[in-house]
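What follows is a short report on a single structure.
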Amino acid sequence: MSEKYIARSPAVAARRFDEEMMVMSSVDSTLFNLSEVAAVIWESADGQTPLSQIVRDQVCAVFDVAPDEAYRDAEAFVEDLARHGILLVSASPVQGSGSSAGEGAWA
Amino acid sequence: MGLMTELNAKALRLGIPLSVHLDLTYRCNERCEHCYLEHDDRGEMSLGEIRALLRDLADAGVFFLTLSGGEPLMRRDCFEIIESARALGFNVKLKTNAVMVREKEARRLRALGVEQVQISLYSHRPEVHDGITKLPGSLKRTLAGIRLLRSAGLKVTLANVLMPSNFKDSAGVRALAAEVGAHYTLDPTITPMMDGNTSVLRFRVPPKELRKVFEDPNLVGNVEEFCAPPPPVDDGAREGFPCSAGHTACYISPYGDLYPCVQFPLPCGNVRRQKFIDIWKDSQQLAEVRSIRGKDLPTCSSCAHLGTCTRCPGLAYMEGSMRGPSSADCEKSFVRTGITTAGMLARQAAGNPPPGLIQIESAQSPF
């Protein structure tokens, strides 16, 4: 399995409401409503931590879900957001990222 | 239900101020003849104060942030403010006249992830646009700014405030918007000045001309539907509230005064003296605004237009009561449908007194 690194796009706005996360792209004004699990992945998308580690440490450690199933779902979620330019996906750590969620990694 | 509707409903249910309009300054490089502001600096919030406010707004759940003025780019720290706002995850919309936008500014706004830029454009003809802004060459500079913003990849909305002097130019502005790939909006609303001066109301489009706007399919879509008599008033209208002002949105002046809306100058508190969230949750004034329902309006509750009228509680407030009719909106409903409003009948019964505009005051005197 090749590793994936994910980073939040600088062209988005995000805010947490209750247990959900609202994310909006400034490119096409698409609004996304992330579930609690998706929000955890979003908040962990610092460009430095491998997706597999995010799933293991942030998802499986908190939510009752099997690791393989969680990773498959996370990959699908990441690909979907990447198609809309909300997340940036790379095979290696992304330079210039690393801020915590809500601090607009590259803003 | 669309996601945005769902988001609004959720914010309303949870009492979250989803949208805030923050004026960074009242200073401006233009002197538009219809403007409701006076442009002296009476003690604007500092960069540090604004950054602290932005953190409070983010903590309170504010998502949509409109930065405006005056001309916001008159502040030398405008980009630092925008950068701070974006770093806190706000969806930022900037309202500017674009006169000070050069390539560097356009690229910076794009790099910061500003959602959209709204620019007032009054005419495609320099003599008309510049005549309104009182700044020679302003149309040329604004258009140059618009093109640079579009080239940088930003979404631009051209806001066309309609007055007697530029009424015939809306098609020209629309064509300009199409040419540069900008969104076009038209607004016939002229607001009294912040000091209560009503002289600018002479710039309101007269009813006969307003009717032409309402009969233009390019502006209203289906004219027959838009101008149709109002449907019977239902429980939704009777139990509903007029707009998001004070419910999921509010306005903050450059001096920290908080109001329900930029067009609703009811002082609710000052963020220099109180935490934003404390004003939002505990202000008696906001509680009063939130308590208003269609069925509670002394005059408008019996009006056939209750369910379709755009009654602005802020304009009504400026005429004397936030629960009263707004004469400008009565006029729009009447011109649109030809059906007299309850507010018009009440005014006729009272001998047609002029609207009694109140003096608008700041929540505090900063100096």
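The values are calculated or read from the model by the stated rules, or taken from the named source; none is laboratory data. All figures in this text were calculated on a predicted structure; none of them were measured in a lab. Cβ coordinates were reconstructed from backbone atoms using ideal geometry, including for glycine residues, and neighbour counts include every protein chain displayed.
Scanning region B:1-28 for residues that are part of a loop (DSSP other than H, G, I, E, B) and surrounded by 17 or more Cβ atoms within 10 Å (Cβ to Cβ) yields a total of 8. Is there a residue being under 24 Å from B:T142 (Cα atoms), in contact (Cβ under 8 Å) with a residue 40 or more places away in the chain and touching a helix residue (DSSP H, G or I) at 6+ places or on another chain (Cβ under 9 Å) anywhere in region B:54-66? There is at least one residue in region B:54-66 that is under 24 Å from B:T142 (Cα atoms), in contact (Cβ under 8 Å) with a residue 40 or more places away in the chain and touching a helix residue (DSSP H, G or I) at 6+ places or on another chain (Cβ under 9 Å).
So which strands (runs of 3 or more DSSP E) are wholly in region A:13-63 and hold at least 3 residues that are within 18 Å of B:A11 (Cα to Cα)? Even if it seems obvious, please write down each step before you answer.
Details: elements: A:20-25, A:31-34, A:46-50.
Correct list: A:20-25, A:31-34.
The set of residues in region B:206-245 that are surrounded by fewer than 20 Cβ atoms within 10 Å (Cβ to Cβ), closer than 28 Å to B:G70 by Cβ and of a type in the set (G, A, S) contains only B:S244. Do we find a residue being under 30 Å from B:R202 (Cα atoms) and within 14 Å of chain A (Cβ to nearest Cβ) anywhere in region B:20-27? Yes, region B:20-27 has at least one match. In the set (1) surrounded by fewer than 21 Cβ atoms within 10 Å (Cβ to Cβ); (2) touching a Ser or Thr at 6+ places or on another chain (Cβ under 7 Å); (3) more than 14 Å from every other protein chain (Cβ to nearest Cβ), B:S68 fails one condition alone, (2).
Has region B:42-64 got any residue that is more than 13 Å from chain A (Cβ to nearest Cβ), surrounded by 23 or more Cβ atoms within 10 Å (Cβ to Cβ) and closer than 30 Å to B:R202 by Cα? No, that holds for no residue.
Among the residues of region A:8-34, which ones are under 19 Å from B:T248 (Cβ atoms) and hydrophobic (A, V, I, L, M, F, W, C)? Passing the criteria: A:A13, A:A14, A:F17, A:M21, A:M22, A:V23, A:M24, A:L31.
Yes or no, residue by residue, for (1) within 14 Å of chain B (Cβ to nearest Cβ); (2) touching a Gly at 6+ places or on another chain (Cβ under 7 Å); (3) surrounded by 21 or more Cβ atoms within 10 Å (Cβ to Cβ); (4) modelled with pLDDT of 90 or more:
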| position | (1), (2), (3), (4) |
| --- | --- |
| A:A7 | yes, yes, yes, yes |
| A:F17 | yes, yes, no, no |
| A:I41 | no, no, yes, yes |
| A:S44 | no, no, no, yes |
| A:Q53 | no, no, no, yes |
| A:F63 | no, no, no, no |
| A:D68 | no, no, no, yes |
| A:E75 | no, no, no, yes |
| A:S90 | no, no, no, yes |
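Quickly run through region B:180-202 and pick out the residues that are of a type outside the set (A, V, I, L, M), in contact with a strand residue (DSSP E or B) (Cβ under 9 Å, 6 or more places away or on another chain) and at pLDDT below 90. Steps first, answer last, please.
Of the residues in region B:180-202, the ones of a type outside the set (A, V, I, L, M) are B:181, B:183-185, B:187-189, B:191-192, B:195-199, B:202.
If we keep only those that are in contact with a strand residue (DSSP E or B) (Cβ under 9 Å, 6 or more places away or on another chain) as well, we get B:181, B:183-185, B:187-189.
Across region B:180-202, the qualifying residues are B:D187, B:P188, B:T189.
Out of the residues in region B:246-271 that are out of contact with any helix residue (DSSP H, G or I) (no Cβ under 6 Å at 6 or more places or on another chain), modelled with pLDDT of 95 or more and of a type in the set (A, V, I, L, M), which is surrounded by the most Cβ atoms within 10 Å (Cβ to Cβ)? Looking at the filtered set, the residue picked out is B:I252.
Tell me, please, whether a residue that is farther than 30 Å from B:G131 by Cβ and assigned to a loop (DSSP other than H, G, I, E, B) can be found in region B:47-58. No, region B:47-58 contains no residue that is farther than 30 Å from B:G131 by Cβ and assigned to a loop (DSSP other than H, G, I, E, B). Total residues in region B:160-181 satisfying the condition of being in contact (Cβ under 8 Å) with a residue 60 or more places away in the chain and assigned to a strand (DSSP E or B): the figure is 1.
Only residues that are under 20 Å from the mean Cα position of the chain (by Cα) and either farther than 30 Å from B:E38 by Cβ or at pLDDT 80 or above (or both) were counted across region B:325-367, and they come to 9.
Within the set A:S44, A:S9, A:S2, the sole residue that is under 11 Å from the mean Cα position of the chain (by Cα) and touching a residue at least 60 places away in the same chain (Cβ under 8 Å) turns out to be A:S9.
Filtering B:E80, B:E127, B:E115, B:E105 for residues that are surrounded by fewer than 21 Cβ atoms within 10 Å (Cβ to Cβ) and either within 14 Å of chain A (Cβ to nearest Cβ) or aliphatic (A, V, I, L, M) (or both) leaves a single hit, B:E80. Consider region A:19-29 and keep the residues that are over 13 Å from B:L7 (Cα atoms) and either touching a residue at least 60 places away in the same chain (Cβ under 8 Å) or polar (S, T, N, Q) (or both). The one that is farthest from the other protein chains (Cβ to nearest Cβ) is A:S25.
Is there a residue in region B:245-256 that is of a type in the set (F, W, Y) and touching a Cys at 6+ places or on another chain (Cβ under 9 Å)? Yes: region B:245-256 contains one or more residues that are of a type in the set (F, W, Y) and touching a Cys at 6+ places or on another chain (Cβ under 9 Å).
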